[in-house]
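Visitor: Encoded as structure tokens, here's the structure I'll be asking about.
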């Protein structure tokens, strides 16, 4: 399927989802839906670096919260339209991704993971000591009542933007997968030395991955202050963002754009249901239990169950040429 | 007047802490030549290959290939210039099929020089797999291959980058007599197609059958360079291999 066709189908699916949410006519659907969609963007963004190139990023909260705090800072100066805030959040976190890449991409495996975790701690310390954005006290953001130009509540408007970001991130991930860039990413994941020897510019590709991944995480974080209306460093940099974001692609499968989508919808929805029916503290327990369960029964994620079937079918098709 | 060598190594040295891995290595390889590079374990053969290919940086001296100075150049840039290597231990891209493994150098090394269509790429992959006898396994994963097939894949992937110089790093290690002959025939065929080859090997039967010139390294130093039959009779070469 061509990329343009895929984007068209994804847009139609997103429109149907949004129409269904409006049809349900329940405010909570948008509150919960926003979180699930936010995790689709985060999980897809994480997978661009972690799944495609094999570099595990534990510093999700840093990229996400920097996007959110860029909104807080801009809101204090000028309060621009949401699209500008999202773009600025993406640029800020993309630049952080570039810096992180330059500083850490010569590290491999666990060492890279620890370096990204340290990045989150450094960023949180900086924000905690930056009084302009509220410092350790946190910052209040006044959420407008209604969306500009559209007959929607602001929460519905935020949800719409998160849906657009989900489409954008999924389309980007799939386009990468089916491109020369995706082949290059896969070689880095499989064997970096052999990749270089095959002509793959590994450092440049890793920087592209960190920038893209960071930018989408920043964009996912940018609308957050309007969603929560109060943001402090401990909630913005919460470890749960990293845990959820890593767990979702692992549960869904990291080899394809579909994995993070399945993982985010499954885990995000379960967490939202558990939050309202049992307890909010239970949501992280669910993540832990599911992660352990999937590591045992589906080490390649949910799409891993179907991959052998797909691969055999593909080979049969190729063999019949 | 002789042509400029394809590969020219002058005064290359490399240390690992206090250990001298390579000291003042001089070597020139002409276009189309078949050079055997031998030496006991730890003599610096793989370190020299790594310095030529950009995996390691030489601390002294310089490497010139096809008229380009390679010092400071990254490994992938050297591959794009036409310098390919196979690894001592095969390093296939494990999640990719054999055809996909070969597509990588075509996409990243060859297409940078001269653009190919997807059909060209498929045809080239098929040609390479047919050449090494793996066409029937084109859509299998490397884990399904035997040891010799893995070595052949390694050579085919190196050839996919359309190199002018191929460095084969112990492609015959651990293979049976017949399998060694298979790889030897393959390397000779590649040389007939115009590819200059440096073969690093421990199997002297294969080295002598293959090489037009033999270079011997011992403890990071070049101790012999010349006609293979003459080199293997040299007293210091015999001593390095058999002891005094």
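Visitor: If each residue of separation counts as 0.36 nm, what is the full-extension length gain between residue A:234 and residue A:277 once their alpha-carbon separation is subtracted? Walk me through the numbers on the way to the answer.
Guide: Numbers: separation 43, 0.36 × 43 = 15.48 nm, distance 2.53 nm.
Separation in residues times 0.36 nm, less the Cα-Cα distance, equals 12.9 nm.
Visitor: Let me ask something else. Averaged over its residues, how many other protein chain Cβ atoms are within 10 Å of peptide A:197-210's Cβ atoms?
Guide: On the way: counts 19, 19, 20, 8, 7, 3, 2, 2, 2, 0, 0, 0, 0, 0.
Average neighbour count from other chains, rounded to a whole number: 6.
Visitor: Relative to the longest principal Cα axis of chain B, at what angle does helix B:147-160 sit, 0 to 90 degrees, rounded to 10?
Guide: Orientation of helix B:147-160: about 80 degrees from the principal axis.
Visitor: What Rg and what Dmax come out for the range A:219-296 when only alpha-carbon atoms are used, in angstroms?
Guide: Final numbers for Rg and Dmax: 13.3, 40 Å.
Visitor: Taking 8 Å as the Cα distance limit and 6 or more residues as the minimum spacing, I'd like the relative contact order of chain B as a percentage.
Guide: Numbers: 438 pairs, mean separation 65.2, N = 244.
Relative contact order comes out at 27 percent.
Visitor: For a distance above 25 Å, tell me the whole-number percent of Cα pairs in the range A:3-240 that qualify.
Guide: On the way: 12067 of 28203 pairs.
Roughly 43 percent, rounded to a whole number.
Visitor: Whole-Å semi-axes of the range B:120-244's equivalent ellipsoid, largest first, each the root of 5 times a Cα gyration tensor eigenvalue? Before the final figure, lay out the partial values.
Guide: Numbers: eigenvalues 197, 49, 26 Å².
Those come to 31, 16, 11 Å.
Visitor: Can you give the Rg and Dmax of the range A:71-173 based on its C-alpha atoms, in angstrom?
Guide: 16.9, 50
Visitor: I'd like the orientation of helix A:239-252 relative to chain A: the angle between its Cα long axis and the longest Cα principal axis, in ° from 0 to 90, rounded to 10.
Guide: In chain A, helix A:239-252 runs at an angle near 40 degrees to the longest axis.
Visitor: What is the calculated FRET efficiency for residue A:296 to residue A:114, with r their C-beta to C-beta distance and R₀ = 30 Å, to the nearest 0.05? List each step's numbers first, then the result.
Guide: Working: r = 26 Å, r/R0 = 0.86.
Between residue A:296 and residue A:114 the formula returns 0.70.
Visitor: From the C-alpha coordinates alone, can you work out the Kirkwood hydrodynamic radius of the range A:41-98, in Å? Don't skip to the end; give the middle numbers.
Guide: Numbers: mean 1/r = 0.0829 Å⁻¹.
After inverting the pairwise mean of 1/r, the radius is 12.1 Å.
Visitor: Right, here's the next one. Between residue A:125 and residue B:89, how many nm apart are label points set 7 Å from Cα along the C-beta direction?
Guide: Going by the 7 Å Cα→Cβ label model, 3.8 nm.
Visitor: How big is the Kirkwood radius of the protein assembly as shown, worked out from every pair of different alpha carbons and given in Å to one decimal? Each step should come with its number before you reach the end.
Guide: Numbers: mean 1/r = 0.0380 Å⁻¹.
Kirkwood radius, the protein assembly as shown: 26.3 Å.
Visitor: Something else about it: So what's the Cα pair-distance distribution over the range A:186-245, bin width 10 Å, in %?
Guide: Per 10 Å bin, starting at 0, the Cα pair percentages come out as 18, 34, 23, 17, 7, 0.
Visitor: Evaluate peptide B:97-109: per residue, the Cβ atoms of other protein chains within 10 Å of its Cβ; return the mean as an integer.
Guide: Numbers: counts 4, 0, 1, 3, 4, 1, 3, 12, 7, 2, 8, 11, 4.
For peptide B:97-109, the averaged partner shielding equals 5.
Visitor: Shifting gears a bit: Could you please state, rounded to a whole Å, how far the C-alpha centre of the range A:252-271 is from the C-alpha centre of the range B:141-156?
Guide: So the separation of the two Cα centres works out to 35 Å.
Visitor: Between residue B:3 and residue B:57, what FRET efficiency comes out of the Förster formula 1/(1 + (r/R0)^6) with R0 = 30 Å and r the beta carbon distance, rounded to 0.05? Kindly include the intermediate steps, with their values, before the conclusion.
Guide: Working: r = 28 Å, r/R0 = 0.95.
About 0.60, to the nearest 0.05.
Visitor: Taking only the alpha carbons of the range A:1-126, what extent do you get along each of the three principal axes, in Å, biggest first?
Guide: Rounded to whole Å, the extents work out to 49, 43, 26 Å.
Visitor: Need the C-alpha centroid separation for the range A:12-32 versus the range B:44-61, integer Å.
Guide: Cα centres, the range A:12-32 to the range B:44-61: 60 Å.
Visitor: Counting partner chain Cβ atoms within 10 Å of every residue's Cβ in A:183-190, what's the average?
Guide: Values: counts 7, 3, 0, 6, 9, 1, 3, 9.
Counting other chains' Cβ atoms within 10 Å and averaging over A:183-190 gives 5.
Visitor: To continue, here is another question. Rank by packing, highest mean first: peptides B:163-175, A:277-289, with packing defined as the count of other Cβ atoms within 10 Å averaged across residues.
Guide: Values: B:163-175: 21.3, A:277-289: 13.2.
Ranking, from highest mean packing down: B:163-175, A:277-289.
Visitor: While we're on this one: Using the alpha-carbon atoms, what tilt in degrees (0 to 90, nearest 10) does helix B:177-192 show relative to the longest principal axis of chain B?
Guide: Compared with the principal axis, the helix lies near 80 degrees.
Visitor: In nm, to one decimal, how far is the modelled label at residue A:153 from the one at residue B:26, with both set 7 Å along Cα→Cβ?
Guide: 8.4
Visitor: Could you list, bin by bin from short to long, the percent of Cα-Cα pairs of the range B:200-239 in 10 Å steps?
Guide: 30, 63, 7
Visitor: Taking the alpha-carbon centroid of each part, what is the distance from the range B:177-229 to the range A:66-145 in angstrom?
Guide: 57
Visitor: I've got another one for you. Note down the Stokes-Einstein diffusion coefficient of the range A:182-321 in µm²/s, whole number, using a Kirkwood radius over alpha carbon pairs, 20 °C, and 1.002 mPa s.
Guide: Values: Rh = 17.7 Å.
Roughly 121 µm²/s, to the nearest whole number.
Visitor: Work out Dmax and Rg for the range B:23-97 from the C-alpha atoms and quote the Rg first, both in angstrom.
Guide: When restricted to Cα atoms, the range B:23-97 yields Rg and Dmax of 13.6, 42 Å.
Visitor: Related question: Please list log₁₀ I(q)/I(0) at q = 0.07, 0.10 Å⁻¹ for chain B, using the Debye equation with identical point scatterers on the alpha-carbon positions.
Guide: Cα-only, vacuum Debye calculation for chain B: -0.23, -0.47.
Visitor: I want to verify a result. In a Gaussian network model of chain B, Cα cutoff 10 Å, which of these has the top mean-square fluctuation: B:119, B:47, B:60?
Guide: For chain B, modelled as a Gaussian network with Cα springs under 10 Å, the answer is B:119.
Visitor: Ok, one more. What nm distance separates the two modelled labels at residue B:181 and residue A:305, each placed 7 Å from Cα along Cα→Cβ?
Guide: 5.2
Visitor: On to the next question. Across 10 Å bins from the origin, how do the percents of Cα pairs in the range A:1-43 run, short distances first?
Guide: P(r) over the range A:1-43, rounded to whole percents: 26, 43, 26, 5.
Visitor: Rank by packing, highest mean first: peptides A:45-54, A:207-216, with packing defined as the count of other Cβ atoms within 10 Å averaged across residues. Walk me through the numbers on the way to the answer.
Guide: Details: A:45-54: 27.2, A:207-216: 25.7.
Going from most to least packed, we get A:45-54, A:207-216.
All of the numbers you see were taken from the coordinates with simple rules; none came from a lab. Quantities reported herein were computed from a predicted structural model and do not represent experimental measurements. Ideal geometry is used to build each Cβ from the backbone, glycine not excepted, and the neighbour counts take in all protein chains shown.
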